[in-house]
Amino acid sequence: MAIDKKELSAEGRDELIKTLKARFEKHKNRHEGIQWADVEARLNAQSEKLWSLDQMELTGGEPDVIGFDKKTGEYIFYDCVAESPKGRRSLCYDRDAWNFRKEHKPENTALDIAAEIGIEILDEAEYRHLQTLGKFDLKTSSWVKTPADIRKLGGGVFCDRRYDTVFYYHNGAESYYAARGFRGKLRV
């Protein structure tokens, strides 16, 4: 998934803004007190961020505004698709884990794709916050940012929602599954 150009055409920008606005209006519970006009003004001033949001959209993430950082003036977008994004599944956690595998290597890694498209992988607290806004990953799971001490020992962590409860699990970071992807965030 090599990506060179990080700009959208005028038509692509308009289409993305239209998609984001429709999602924003449909899911008002995710961003109470935030006005779309303010978000749109910020988006129009951040063309590289728009490109990253488009990549989130193209890989199936359905990004939406979930908050506003008063200190930085940034709007926070998370992947809000019901199940882990289809275009970001079957990935081991990071490049070290990928290199560790002797055979049957996946096409890429969660952290590499996140870096390529300019987003960050959600951490456990962010994932749990997302779950307060709806019910996500009822059939899939999502890698979350793994603490350094766990990663150093070869582990990776992921979350999902089962039995109306958010679970935090571990696995070897080199593992990958068709139903496990990752969710990202972007600050605009």
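The values are calculated or read from the model by the stated rules, or taken from the named source; none is laboratory data. Computed from a predicted structure; not experimentally measured. Neighbour counts run over all protein chains shown; Cβ positions are idealised from the backbone, glycine included. Please note that ligands, DNA and RNA were not included when accessible areas were found on the heavy atoms of the full protein model with its side chains. Shrake-Rupley method; radii C 1.70, N 1.55, O 1.52, S 1.80 Å.
Annotations
- Only a single item in (1) crowded, with 20+ Cβ neighbours inside 10 Å; (2) not in a loop (DSSP other than H, G, I, E, B) is not met by GLY87, and it is number (1).
- Set ALA97, ALA37, ALA41, ALA125: member being out of contact with any Leu (no Cβ under 8 Å at 6 or more places or on another chain) and under 15 Å from ARG180 (Cβ atoms): ALA97
- For the stretch 134-165, the tally of residues that are among the aliphatic types (A, V, I, L, M) and open to solvent by less than 30 Å² (accessible area, probe 1.4 Å) stands at 2.
- Subset of the stretch 123-156 (residues that are over 15 Å from the mean Cα position of the chain (by Cα) and not aliphatic (A, V, I, L, M)): THR132, GLY134, LYS135, LYS139, PRO147, ASP149, ARG151, LYS152, GLY154, GLY155, GLY156
- Residues located in the stretch 43-79, provided they are closer than 17 Å to HIS31 by Cβ, surrounded by 16 or more Cβ atoms within 10 Å (Cβ to Cβ) and over 15 Å from the mean Cα position of the chain (by Cα): LEU43, PHE68, GLU74
- Test: ASP38 is modelled with pLDDT of 95 or more and crowded, with 21+ Cβ neighbours inside 10 Å: no
- Qualifying residue in the stretch 92-109 (condition: touching a Pro at 6+ places or on another chain (Cβ under 7 Å) and surrounded by 23 or more Cβ atoms within 10 Å (Cβ to Cβ)): yes
- Among the residues making up the stretch 110-133, a single one is assigned to a strand (DSSP E or B) and open to solvent by less than 50 Å² (accessible area, probe 1.4 Å): ILE121.
- Every residue from the stretch 165-181 that is touching a residue at least 24 places away in the same chain (Cβ under 8 Å) and farther than 15 Å from ARG88 by Cα: VAL166, TYR168, TYR169, GLY172, ALA173, GLU174
- Residues of the stretch 164-180 that are over 17 Å from ASP96 (Cα atoms) and in contact with a helix residue (DSSP H, G or I) (Cβ under 7 Å, 6 or more places away or on another chain): VAL166, TYR168.
- Count - residues of the stretch 3-32 that are open to solvent by less than 40 Å² (accessible area, probe 1.4 Å), closer than 24 Å to LYS135 by Cβ and not in a loop (DSSP other than H, G, I, E, B): 4
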